[in-house]
Amino acid sequence: EAAFYATKLLGVADYIGENPSLYNNTTFEDVSTSMWYAPYIGYCTSKGILSGVGNNLFKPEDYVTEKAFLVILLGALEYKSGIDFNWNNIYTTAFACGLVTDVNYLVKTADNTNFTRSDAVTILYNALKAKINGTDITVIESLIDSNDVTLQEAVSAGLIDPSVLNVELESITPLSSQSVLLKFNKNISELDEDKI
């Protein structure tokens, strides 16, 4: 499930679900190609988001601890294990990038082995507002840009400031008998004839 959630954040879950044969072969002995989750694990492994538990095993039926879930989401945000974070500083890295918001994570070291789906949903929601490592683009902005989420849905979910919807025409300047220059109060991407 954690691998599936990561692919949802990346906006590729539907593509993987429609093309499972591209990713359902993994190097893990305990991930059968016939299992629903195999292509999601395969995709995340191919992108360096997952690495398994060692000895060519993934243990897909085991419960995911909080640290393990954060490793997956940090990977989805393009943080590299061993470079940007390690097992000992996962919590501080997760706090710094906004995956977790409680300041106690700055001193927390023990793994939460009673990690629930509710906990996962909270972190996933925070991940939508987090910036992709090395960029100024948040996950939700990336999902909007790829048309996986509409701007209105993001605003309704509280992930984007509602003021972005207030686009106004500031001026119209005739350039020739066949063209005009429209100036808006905000940058608008890809305004073509169909959208006009």
Seminar exercise, completed: Residue hits (segment 139-148; in contact (Cβ under 8 Å) with a residue 60 or more places away in the chain and either open to solvent by less than 70 Å² (accessible area, probe 1.4 Å) or of a type outside the set (Asp, Glu) (or both)) are VAL139, SER142, LEU143, SER146
Seminar exercise, completed: Quick count over segment 39-70, residues being at pLDDT 95 or above and either farther than 30 Å from THR109 by Cα or surrounded by fewer than 14 Cβ atoms within 10 Å (Cβ to Cβ) (or both), is 1
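From the set of residues in segment 10-31 that are polar (S, T, N, Q) and under 11 Å from PHE58 (Cβ atoms), which is nearest to the chain's Cα centre (by Cα)?
Going residue by residue through segment 10-31, those that are polar (S, T, N, Q) are 19, 21, 24-27.
After this cut, where a residue has to be under 11 Å from PHE58 (Cβ atoms) as well, the list is 26-27.
Values: THR26: 22, THR27: 24 Å.
In this case the residue turns out to be THR26.
Conditions tested, residue by residue: (1) assigned to a helix (DSSP H, G or I); (2) touching a residue at least 40 places away in the same chain (Cβ under 8 Å).
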residue	(1), (2)
GLY42	yes, no
LEU50	no, yes
PRO60	no, no
ILE72	yes, yes
ASN104	yes, no
GLY134	no, yes
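Being of a type in the set (A, V, I, L, M, F, W, C) and within 13 Å of the chain's Cα centre (by Cα) is the requirement here; does LEU181 meet it? Break it down stepwise before answering.
Values: of a type in the set (A, V, I, L, M, F, W, C): yes; within 13 Å of the chain's Cα centre (by Cα): no.
So LEU181 does not fit the description; no.
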For this session: Would you check if there is a residue in segment 98-109 being modelled with pLDDT of 95 or more and among the aromatic types (Phe, Trp, Tyr)?
Result: no
Exercise. Can ALA130 be described as under 14 Å from the mean Cα position of the chain (by Cα), at pLDDT 90 or above and among the small types (Gly, Ala, Ser)?
Worked result: yes
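Just one of ASP161, ASP119, ASP136 is in contact with a helix residue (DSSP H, G or I) (Cβ under 8 Å, 6 or more places away or on another chain) and open to solvent by 70 Å² or more (accessible area, probe 1.4 Å); which is it? Give the derivation first.
Details: ASP119 fails: open to solvent by 70 Å² or more (accessible area, probe 1.4 Å); ASP136 fails: in contact with a helix residue (DSSP H, G or I) (Cβ under 8 Å, 6 or more places away or on another chain).
One residue alone meets the criteria, ASP161.
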Seminar exercise, completed: Of the conditions (1) open to solvent by less than 30 Å² (accessible area, probe 1.4 Å); (2) over 25 Å from GLY134 (Cβ atoms), the single one that TYR91 does not satisfy is (2)
Exercise. Taking segment 1-38 as the search range and keeping residues that are open to solvent by 30 Å² or more (accessible area, probe 1.4 Å) and of a type in the set (Gly, Ala, Ser), which one is farthest from PHE115 (Cα to Cα)?
Worked result: SER21
For this session: State the number of residues belonging to segment 164-181 that are modelled with pLDDT of 85 or more and open to solvent by less than 80 Å² (accessible area, probe 1.4 Å).
Result: 4
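The values are calculated or read from the model by the stated rules, or taken from the named source; none is laboratory data. Every value quoted in this text rests on a predicted model; they were computed, and no experiment measured them. Neighbour counts run over all protein chains shown; Cβ positions are idealised from the backbone, glycine included. Heavy atoms of the whole protein, side chains included, go into the accessibility calculation; ligands, DNA and RNA do not. Shrake-Rupley method; radii C 1.70, N 1.55, O 1.52, S 1.80 Å.
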